[in-house]
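Structure record follows, encoded as structure tokens.
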């Protein structure tokens, strides 16, 4: 970048400088719900939409990654557990939320009998 300064008498001075812009501001993971419940589907699977889970996440330079330790569940996870969601911005800054999640299976079993 070239900087130029001119005084009241028309004298001019210039210099060249390098400007480095660094993003040190961590993103905000939004409003992770105090309690989040997800239902297993007919294939006994459930996936948390991370952007929906942390709706309202924001950053001054934009969020590039929403990451969770675990976001896909099956019948082995039925019950309550904690979920950690981390958001990253373009500069690699991050922040997280740690909230409970409940996985439920409300699908009745199917009984088949051969005669």
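Laboratory data are not the source of any read-out in this text; all were calculated from the coordinates shown. This is a predicted model, so every value here is computed, not measured. FYI the Cβ positions are ideal-geometry reconstructions off the backbone, even for glycines, and counts take in every protein chain you see.
For the chain, adding -39500 (n - 2.57) for each run of n ≥ 4 DSSP H residues and dividing by the number of residues yields -500 deg cm²/dmol at 222 nm. Cβ crowding within 10 Å, taken as a proxy for footprinting-reagent exposure, orders 112, 61, 97 from fewest neighbours to most as 112, 61, 97.
In terms of other Cβ atoms within 10 Å, 57, 94, 80 run from fewest to most in the order 80, 94, 57.
Exposure proxy shown here: for 81, 1, the number of other Cβ atoms within 10 Å sets the order, fewest to most, as 1, 81.
Taking the convex hull of the alpha carbon positions in the chain and averaging its projected area over all directions gives 11.6 nm². Calculated FRET efficiency, residue 20 to residue 81, Cβ-Cβ distance, R0 = 30 Å: about 0.10 to the nearest 0.05.
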